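Just below is one structure, and these are the notes that go with it.
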Amino acid sequence: MKMSKMLVATLREVPAEAEIASHKLMLRSGMIRKVASGIYAHLPLGVKVLNNVENIVREEMNNSGAQEFLASAVIPAELWQESGRWDAYGPEMFRVTDRNSRQFCLGPTHEEVFTDIARNEIKSYKQLPVNLYQIQTKYRDERRPRFGVMRSREFIMKDAYSFDKDQEGLDKSFNDMHDAYVRIFNRCGLDAKCVEADSGAIGGSNSAEFMVKSEVGEDDIVFCTSCDYAANIEKAETVGDKCEEEALLDMEKIETPNSRTIEEVSSFLNVDSKKTVKTLLYNVDGKTVAVLVRGDREVNEVKVANASNASTDIELATHEMVFEATNSETGFAGPVGLKADLILVDAEVKNMYNMVVGANETGYHLKNVNYGRDFEGTVGDFRNIEEGEVCPRCGGKVTIARGTEVGHIFKLGTKYSEAMNARFIGEDGKEKPFIMGCYGIGVTRTVASIVEQHHDEFGIVWPLSVAPYHVSVIPVNSKDEEQMRIATELYEGLIAMGVDALLDDRKERAGVKFKDSELMGIPMRVTVGKKIGDGEVEFKLRTGGDNETIKIEEVLDKVRAEFEKNNLKLK
Ligand code: 9G3
């Protein structure tokens, strides 16, 4: 590509709203432009990278035996009504009505669509397994779009759906997708880790997320420092502290005027917050669910939602519900005499002795309360793990880091095939529901994550595998005929070799050309300047290292060697 012909859209400055490196650099290098909040256009430079990432995804998905499909982005409401999800999603779903007043949504995901395809096209177990995938624009009306294409309302996703005849088949499909994802992110130069994750509202048994560490990530990821255990904090299992055995003392009601929070109660009573238990009340589909965790711990609302079979997100109980359950104002709730539909007791609380809890009476708490003698409940893991706690697998220490999800794979089971009566004839001649899995990669988010992981103060530093162009050939002085002749020859030689080369033939100062090449993150630069008098040019890698003076006739081999070093074949 010749820069004099290209829509070069590099910027010196970006809007203040661009807070993170990838958002700034994707704007400044001329890859994206904002159309509206959370909605972006992709400029030619950005589309080149998108295509490179998509082709890596395509190659690995095809290698795994999946077949590329392209479903419609406009989905009839009827399909979502069959699965019951039309009413489960609120403002996040873009809905449209056509000229005949029929309702559709702009597809946020396609479980229903692909289940419908399977029930129409797959009749017999002999046709299974089938794995269909697409690379398509998705629509989700995020409440708070931010960080450029990292969290946008329109984004490109690769979503795949597998159909198997039994659980064993699904396990294989799931593992094949896991392995394909490891190869995809590796080839993209992205350091992504697979972590155990919660399946959330999508349902199904378990799921795994591919996370990239990033201080601007929105998820907390728990890593063990000794073994390879890794989990989203929503899912990470906790091992409670063991308490010293104590004689059970008599329960006692004590006046604690205006002491509502754990801090106020523990300082008023002069007891360690580890001897207190907080009782939080939640509204779960209209039911009152109480959760007890040690005073210094945090409730994990995803674990609570799963334990209480919530159909939508849970929220804290209203004042009325609190009064209904505890006969007191917020801040004095406790397990003794509590009127709740479900009482969840974190396992750590079960092992405590003589704890302090709310008395279910405004202005009072109870001390010396003991699980079993004074109250019962469903014991389980309902809290967040904390930095430095014990690893649930090996007993080592865990650490917590922020991360961004770039992929998520799920075992769905029969959740959608049952709901939509999507069945096949099994070996025994009986109809059976497909056993399904679904597998997503955020393609635009992957591009942004690569920028987050590969940039410096001069701009983006693209891995060669996804770079928009591999080499920029820069004549220092475009008015110098000899320099232009040599530069053009090298450029044409590279193109003929299958290298995506740029020729910066603009009538710009050399410094501007170097800055643009660095900002756009082009992996290799060949500078054609005065040294052509000695038959030499300068070669520089964007990843660092000095300008290297080499013979003009060595350039093509030098570039070829870089491709080989990166295990990349020339087209
Ligand atoms: C919706 C809306 C938003 C959504 C969903 C449905 C997320 C929804 C979860 C998934 C699960 C997997 C296949 C590819 C991998 C991810 N946000 N999810 O189902 F209607 Cl508005 O999308 N789907």
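The values are calculated or read from the model by the stated rules, or taken from the named source; none is laboratory data. From a predicted model like this one, the values you see are computed outputs, not experimental measurements. Cβ placement follows ideal geometry from the backbone for every residue including glycine, while neighbour counts extend to all protein chains displayed. Surface areas here come from the heavy atoms of the whole protein model, side chains and all, with no ligands, DNA or RNA. Shrake-Rupley method; radii C 1.70, N 1.55, O 1.52, S 1.80 Å.
Of the residues making up the stretch 279-303, those that are within 23 Å of residue 370 (Cβ to Cβ) and β-branched (Val, Ile, Thr) are 279, 289, 291, 293, 299.
All conditions but one from (1) out of contact with any Asp or Glu (no Cβ under 8 Å at 6 or more places or on another chain); (2) closer than 24 Å to residue 51 by Cα apply to residue 161; the one that does not is (1). Any residue at all in the stretch 107-116 that is more than 10 Å from the ligand (Cβ to nearest atom) and among the small types (Gly, Ala, Ser)? No, because not a single residue in the stretch 107-116 is more than 10 Å from the ligand (Cβ to nearest atom) and among the small types (Gly, Ala, Ser). Would you call residue 441 away from the ligand (no atom under 16 Å from the Cβ), open to solvent by less than 10 Å² (accessible area, probe 1.4 Å) and either modelled with pLDDT of 95 or more or not β-branched (Val, Ile, Thr) (or both)? It is false that residue 441 is away from the ligand (no atom under 16 Å from the Cβ), open to solvent by less than 10 Å² (accessible area, probe 1.4 Å) and either modelled with pLDDT of 95 or more or not β-branched (Val, Ile, Thr) (or both). Considering only the stretch 413-422, I want to know if a residue exists there that is away from the ligand (no atom under 16 Å from the Cβ), of a type in the set (D, E, K, R) and over 19 Å from residue 166 (Cβ atoms). Checked the stretch 413-422: no residue is away from the ligand (no atom under 16 Å from the Cβ), of a type in the set (D, E, K, R) and over 19 Å from residue 166 (Cβ atoms).
Of everything in the stretch 423-434 that's touching a residue at least 40 places away in the same chain (Cβ under 8 Å) and away from the ligand (no atom under 16 Å from the Cβ), which residue is farthest from residue 133 (Cα to Cα)?
Kept after step one, since they are touching a residue at least 40 places away in the same chain (Cβ under 8 Å), are these residues of the stretch 423-434: 423-427, 432, 434.
Within this subset, residues satisfying the condition of being away from the ligand (no atom under 16 Å from the Cβ) are 423-427, 432.
On the way: 423: 20, 424: 20, 425: 23, 426: 24, 427: 26, 432: 23 Å.
Selected residue: 427.
Let's see how each residue does on (1) part of a loop (DSSP other than H, G, I, E, B); (2) among the charged types (D, E, K, R); (3) in contact (Cβ under 8 Å) with a residue 40 or more places away in the chain; (4) open to solvent by 50 Å² or more (accessible area, probe 1.4 Å):
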residue: 464; (1), (2), (3), (4): yes, no, yes, no
residue: 473; (1), (2), (3), (4): no, no, yes, no
residue: 486; (1), (2), (3), (4): no, no, yes, no
residue: 490; (1), (2), (3), (4): no, no, yes, no
residue: 494; (1), (2), (3), (4): no, no, yes, no
residue: 499; (1), (2), (3), (4): yes, no, yes, no
residue: 502; (1), (2), (3), (4): no, no, yes, no
residue: 508; (1), (2), (3), (4): yes, yes, no, yes
residue: 511; (1), (2), (3), (4): no, no, no, no
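A single member of 124, 72 is more than 9 Å from the ligand (Cβ to nearest atom) and either of a type in the set (Lys, Arg) or open to solvent by less than 40 Å² (accessible area, probe 1.4 Å) (or both), and it is 124. Taking the criterion of being open to solvent by less than 60 Å² (accessible area, probe 1.4 Å) and among the basic types (Lys, Arg), the only residue of the stretch 284-294 that qualifies is 294.
Among the residues of the stretch 103-139, those identified as closer than 14 Å to residue 77 by Cα and among the polar types (S, T, N, Q) are 103, 109. Taking (1) out of contact with any helix residue (DSSP H, G or I) (no Cβ under 8 Å at 6 or more places or on another chain); (2) without any contact (Cβ under 8 Å) to a residue 60 or more places away in the chain; (3) within 16 Å of the ligand (Cβ to nearest atom); (4) open to solvent by 40 Å² or more (accessible area, probe 1.4 Å) in turn, residue 77 satisfies each apart from (4).
Scanning the stretch 47-86 for residues that are over 14 Å from residue 110 (Cα atoms) and of a type in the set (S, T, N, Q) yields 51, 52, 55, 62, 63, 64, 67. The criterion of at least 2 residues that are closer than 30 Å to residue 196 by Cα is met by the following strands (runs of 3 or more DSSP E) wholly inside the stretch 238-333: 277-284, 287-294.
Screening the candidates 99, 146, 58 for the property of being more than 15 Å from the ligand (Cβ to nearest atom), under 20 Å from residue 437 (Cβ atoms) and open to solvent by 50 Å² or more (accessible area, probe 1.4 Å) yields one hit, 58. Within the stretch 80-96, the set of residues being within 9 Å of the ligand (Cβ to nearest atom), assigned to a loop (DSSP other than H, G, I, E, B) and free of Cβ contacts under 8 Å to residues at least 60 places away in the same chain comprises 85, 86, 89, 90, 91, 92, 93, 94. Within the stretch 526-547, the set of residues being more than 20 Å from residue 478 (Cβ to Cβ), open to solvent by less than 70 Å² (accessible area, probe 1.4 Å) and under 38 Å from the mean Cα position of the chain (by Cα) comprises 541, 542, 544, 545. Could you list, ordered by first residue, the pairs with Cβ atoms under 6 Å in which the first is in the stretch 406-417 and without any contact (Cβ under 8 Å) to a residue 60 or more places away in the chain and in a loop (DSSP other than H, G, I, E, B) and the second is within 9 Å of the ligand (Cβ to nearest atom) and not aliphatic (A, V, I, L, M), at least 6 apart or interchain? Cβ pairs passing all conditions: none.
Scan the stretch 265-283 and give yes if some residue there is farther than 23 Å from residue 359 by Cα, more than 28 Å from the chain's Cα centre (by Cα) and either open to solvent by 40 Å² or more (accessible area, probe 1.4 Å) or not assigned by TED's automatic domain parsing to the domain that holds residue 346 (or both), otherwise no. There is no residue in the stretch 265-283 that is farther than 23 Å from residue 359 by Cα, more than 28 Å from the chain's Cα centre (by Cα) and either open to solvent by 40 Å² or more (accessible area, probe 1.4 Å) or not assigned by TED's automatic domain parsing to the domain that holds residue 346 (or both). Restricting the stretch 334-352 to residues that are open to solvent by less than 40 Å² (accessible area, probe 1.4 Å) and either among the basic types (Lys, Arg) or part of a helix (DSSP H, G or I) (or both) leaves a set whose member that is nearest to residue 251 (Cα to Cα) is 349. In the stretch 151-197, the residue that is farthest from residue 229 (Cα to Cα) out of those that are within 16 Å of the ligand (Cβ to nearest atom) and of a type in the set (S, T, N, Q) is 152.
Here the condition is being modelled with pLDDT of 95 or more, in a helix (DSSP H, G or I) and open to solvent by less than 40 Å² (accessible area, probe 1.4 Å); of 114, 163, 155, it holds for 114 alone. Assuming residue 30 fulfils every condition listed in (1) open to solvent by less than 70 Å² (accessible area, probe 1.4 Å); (2) more than 16 Å from the ligand (Cβ to nearest atom); (3) part of a loop (DSSP other than H, G, I, E, B); (4) in contact with a strand residue (DSSP E or B) (Cβ under 9 Å, 6 or more places away or on another chain) apart from one, which condition is it? Only one criterion in (1) open to solvent by less than 70 Å² (accessible area, probe 1.4 Å); (2) more than 16 Å from the ligand (Cβ to nearest atom); (3) part of a loop (DSSP other than H, G, I, E, B); (4) in contact with a strand residue (DSSP E or B) (Cβ under 9 Å, 6 or more places away or on another chain) is unmet by residue 30, namely (4). Against the list (1) in a helix (DSSP H, G or I); (2) open to solvent by 60 Å² or more (accessible area, probe 1.4 Å); (3) not charged (D, E, K, R), the condition residue 46 fails is (2).
Screening residue 357 with (1) of a type in the set (Val, Ile, Thr); (2) open to solvent by 10 Å² or more (accessible area, probe 1.4 Å); (3) touching a residue at least 40 places away in the same chain (Cβ under 8 Å) gives one miss only, at (2).
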